[in-house]
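S.K.: Pasting a structure here, questions to come.
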Amino acid sequence: MDTFIIQGGVPLNGEVAISGAKNAVLPILAATLLTSEPCVIRRVPDLSDVHFMGKILQSLGADFTFEDGTVKVHAKRVKTRGDYDLIRKMRGSICILGPLLGRKGKATVSMPGGCVIGTRPIDLHLKGLRSLSAEVKVREGYVQVAAKRLQGNEVFLGGRVGPTVLGTANTMMAAVLAEGVTVIESAACEPEVVDLAHFLISMGAKIQGAGSPRIVVTGVEKLHGAEHEVIPDRIEAATYAIAAAATNGEVTLTNMRCDHLAAVLDKLKEAGVRFEARGSSLKILSGGEIQAVDVSTQPYTGFPTDVQAQLMALMLKASGLSIITERIFESRFMHANELARLGADIAIEGPSAIVRGGADLSGAEVMASDLRASAALVIAGLMCKGRTQVNRIYHLDRGYEVMDKKLRSLGARVKRSKEK
Ligand code: UD1
């Protein structure tokens with residue numbers, strides 16, 4: 001297994017280009033199953049999750065190639081049963097359910113497992129598909145969905161903690177080929193849902209309201225092939241912005257969308273981070289004195305759960321107490337214990353982490369537990385005096401394109417090596 005060796009204490013400096021969004025590209029790749037014609041997706045990040053989704057599409061009978069950031073998929077014919085071992089390994093693969101049901105009228109997909117950040121139910125995905133008159137069964141570890149002809153309907157997709165991103169995606173992808181009009185109330189408003197809607201519209205789908213809590217889909221008979229460029233990864237951008245601030249560096253992020261980061265930038269401003277935000281570029285300036293801030297994660301446009309861990313790392317250098325409350329996933333504080341190995345003072349009280357900033361941090365061996373927790377450990381390692389070894393960075397490779405190279409280009413002393 002690969003590991004990152006970080007010699008901390010060096011301010012990041014320079015320019016870094018943001019890659020295409022992982023969370024946009026996964027459902028978009030699934031959506032290519034909706035047509036028998038070829039699709040071309042550009043600005044695809046080279047991530048293990050993307051290669052994995054490619055394998056899933058291939059296992060369903062599609063041609064899939066990935067070269068220089070461009071994916072070509074041709075799902076001339078598709079099977080309706082997903083491979084158990086492939087699908088259960090990646091949560092994002094659940095979004096093949098909607099497209100297969102839409103195109104073929106049936107699908108059998110293994111139930112995705114839970115993961116370290118908490119239970120990950122799919123009841124809302126199934127509610128969405130049921131509302132389109134699909135029959136849904138869970139048998140022997142598989143979800144089976146089938147419908148003679150999907151029928152448009154009204155469905156409320158708000159759950160215990162609000163909307164569901166991939167549940168909205170799945171319902172939207174099935175509804176595009178249903179008969180009649182589907183109204184999704186309490187839909188997820190995330191930019192990745194909007195990007196998926198744009199791709200579906202370029203395939204001939206009729207969708208209004210994506211980006212708002214009410215999405216209206218008017219079913220069409222057939223979709224055709226299309227080309228699409230994926231939006232920039234707002235979570236990757238937030239991660240580099242926080243890494244720059246955490247090391248008191250000066251970094252310009254390019255090829256990004258500042259408007260997708262409003263909640264994060266607002267919080268960074270409150271924390272005393274100085275920056276210039278100009279459309280597709282963001283310059284983090286050095287010299288800001290980091291202040292403790294309180295934050296609660298929320299669905300978009302609120303502060304993203306996917307940036308909670310990274311903000312916690314930044315709060316380690318703030319003076320005072322900061323309260324970080326996780327409202328989306330119940331066990332998403334795995335990084336707190338690992339940060340403690342570096343000297344962090346963090347107490348967990350129910351859904352909140354109380355961070356007493358200003359502790360003296362020093363490098364140590366830590367273990368990544370999930371994708372964003374790993375990013376927090378890397379940021380903390382960059383802040384620490386001495387050597388930090390972050391183990392199990394295959395989690396990072398799922399969601400950050402060439403992170404070690406990007407960090408080195410900013411002057412960080414980060415080396416990838418084999419875990420001993
Ligand atoms: C997506 C993102 C993930 C991000 C999350 C929240 C991808 C590939 N992943 O995950 O990075 O952290 O959005 O922004 O895009 N829930 C239910 N029932 C369901 C579905 C979800 O109760 O059927 C709950 C979840 O347990 C969670 C909340 O709803 O508490 C939000 O989850 P959801 O938006 O569905 O997350 P994902 O789409 O899986």
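S.K.: Expressed in whole Å with the largest first, what are the equivalent ellipsoid semi-axes of segment 63-144 derived from the C-alpha gyration tensor as the square root of 5 times each eigenvalue?
M.R.: Ellipsoid half-lengths, sorted descending, are 23, 18, 12 Å.
S.K.: What's the magnitude of the charge dipole for the chain around its Cα centre, counting Lys and Arg as +1 and Asp and Glu as -1 at the beta-carbon? Answer in Debye, nearest 20.
M.R.: Roughly 900 debye, rounded to the nearest 20.
S.K.: Quick check on the chain: helices-only [θ] at 222 nm, where DSSP H runs of length 4 and up contribute -39,500 (n - 2.57) each and the sum goes over total residues. Nearest 500, please. Mind dumping the intermediate values first?
M.R.: Working: 14 runs with 132 residues, N = 420.
Computed ellipticity for the chain at 222 nm equals -9000 deg cm²/dmol.
S.K.: Compute the Rg to Rh ratio over segment 363-420 from the alpha carbon atoms, using the Kirkwood formula for Rh, and round to two decimal places.
M.R.: My calculation puts Rg/Rh at 0.91.
S.K.: Once the mean 1/r over all distinct Cα pairs of segment 95-235 is inverted, what Kirkwood radius in angstroms do you read off?
M.R.: One over the average 1/r among Cα pairs gives 15.1 Å for segment 95-235.
S.K.: Across the Cα atoms of the chain, what radius of gyration and what greatest pairwise Cα-Cα distance (Dmax) are found, in Å?
M.R.: Computed over the Cα atoms of the chain, radius of gyration and Dmax are 21.3, 64 Å.
S.K.: At a 10 Å Cβ-Cβ cut-off, how would you order Leu126, Leu339, fewest neighbours first? List each step's numbers first, then the result.
M.R.: Details: Leu126 20, Leu339 27.
Fewest-to-most ranking of Leu126, Leu339: Leu126, Leu339.
S.K.: Top mean-square fluctuation among Gly363, Gly350, Gly399, Gaussian network model of the chain, C-alpha springs under 10 Å?
M.R.: Looking only at Gly363, Gly350, Gly399, the biggest GNM fluctuation is shown by Gly350.
S.K.: Fewest Cβ neighbours within 10 Å first, please rank Phe329, Phe303 accordingly.
M.R.: Fewest to most other Cβ atoms nearby, the residues stand as Phe329, Phe303.
S.K.: Any idea how far apart Arg130 and Ser202 come out in nm if each label point goes 7 Å out from Cα toward Cβ?
M.R.: It works out to 3.6 nm between the two label points.
S.K.: What is segment 22-229's relative contact order, in percent, from Cα pairs under 8 angstrom and six or more apart in sequence?
M.R.: Relative contact order, segment 22-229: 21 percent.
S.K.: Give me the compactness ratio for segment 198-336, meaning the Cα radius of gyration over 2.2 N^0.38 Å.
M.R.: Values: Rg = 18.1 Å, N = 139, 2.2 N^0.38 = 14.3 Å.
Scaled against compact globular proteins, the figure is 1.26.
S.K.: Continuing with the same structure: Among residues other than Ile284 whose Cβ falls under 9 Å from its Cβ, what is the net charge (Lys/Arg +1, Asp/Glu -1)?
M.R.: 0
S.K.: While we're on this one: In a shell of Cβ-Cβ distance under 15 Å around Gly357, excluding Gly357 itself, what net charge do Lys and Arg (+1) and Asp and Glu (-1) give? Walk me through the intermediate numbers first.
M.R.: Numbers: positive: Lys267, Lys317, Arg356; negative: Glu270, Glu289, Asp294, Asp345, Asp360.
That works out to -2.
S.K.: I want the local charge near Pro304. Using Cβ-Cβ distances under 15 Å, sum +1 for each Lys or Arg and -1 for each Asp or Glu among the other residues.
M.R.: Summing Lys and Arg as +1 and Asp and Glu as -1 gives -2.
S.K.: Please rank Thr297, Thr239, Thr252, fewest neighbouring Cβ atoms within 10 Å first, as an exposure proxy.
M.R.: Starting with the residue having the fewest Cβ neighbours, the order is Thr252, Thr297, Thr239.
S.K.: Report the charge-dipole magnitude of segment 269-367 in Debye, nearest 20, computed about the Cα centre from +1 at each Lys and Arg Cβ and -1 at each Asp and Glu Cβ. It would help to have the intermediate numbers written out before the result.
M.R.: Working: 9 positive and 12 negative charges, 72 e Å.
Its charge dipole is roughly 340 debye.
S.K.: Could you sort the peptides 220-230, 176-186 by per-residue average Cβ neighbour count (10 Å cutoff), highest mean leading?
M.R.: In decreasing order of mean packing, 220-230, 176-186 become 176-186, 220-230.
S.K.: For Lys406, which lysines qualify as cross-link partners when the Cα separation must be under 25 Å and same-chain residues fewer than eight apart are set aside?
M.R.: Cross-link targets: Lys22, Lys267, Lys269, Lys283, Lys317, Lys385, Lys415, Lys418, Lys420.
S.K.: Moving on to the next point. Along segment 252-263, what does the Karplus equation 6.51 cos²θ - 1.76 cosθ + 1.60 (θ = phi - 60°) give for ³J(HN,Hα), rounded to whole Hz, x for Gly and Pro?
M.R.: 9, 9, 10, 6, 10, 10, 5, 5, 7, 10, 3, 5
Values quoted throughout were computed directly from the atomic coordinates according to the rules given, and no laboratory measurement underlies them. Predicted model, so just to flag it, every value in this text is computed and none were measured. Because the Cβ atoms are built from the backbone with ideal geometry, glycine has one as well, and the counts that use them run over all protein chains shown.
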